[in-house]
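See below for the structure under consideration.
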Amino acid sequence: MNRLEPNLLLAITTGFALMLVVTTATAFGPAAGLIRNPLLAIICTGGFVLLNPILSRLIGQANRPPMIHPDSPGTAMWATVFPMVVTTSAAIPVFWPGRDYGLLVIIAAVWFGVTVESALKARRT
């Protein structure tokens, strides 16, 4: 392999941003989030990656291509929104500490799941 797949790099970048969200939500949130936030991230990401193709087939949704593909070079620019928004959301617990940020972790995990699904689709094609 002489080059890295852009969808894989997008998933890796968003994964690191998700880890940052989990870390800040755990550090600046209530003590109950120490175990719950990492579990939420793992369960929500895995659930999305496993269940989204099944649900898409059930409702008759057309197969989507990977997020970044060579036919449309502008998709790479738009795909950078995912890690940027997830990284930016990691700053929320720092500025407003003491609240429960479980929903923030779930949203970031689903966005990470979208990028993982895109990387898996790119690998199959």
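All of the numbers you see were taken from the coordinates with simple rules; none came from a lab. Keep in mind that this is a model prediction, so the values were computed, not measured. Heads up, the Cβs are rebuilt from the backbone with ideal geometry, glycines too, and the neighbour counts pull from every protein chain shown.
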Point to revise | Virtual spin-label span in nm between residue 120 and residue 4, 7 Å along Cα→Cβ | key: 2.1 nm
Review point. What percentages, rounded to whole numbers, describe P(r) for segment 59-119 computed over all alpha carbon pairs with 5 Å bin width beginning at zero?
Key: 4, 15, 21, 20, 15, 12, 7, 5, 2, 0
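Based on the Kirkwood radius over alpha-carbon pairs, what value in µm²/s does the Stokes-Einstein equation return for the translational diffusion coefficient of the chain at 4 °C and 1.567 mPa s? Working shown, then result.
Details: Rh = 15.3 Å.
The diffusion coefficient I find is 85 µm²/s.
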Study note, to complete from the structure: The farthest towards the positive end of the charge dipole of the chain, of the residues 13, 87, 62, given +1 on Cβ of Lys and Arg and -1 on Cβ of Asp and Glu, is 62
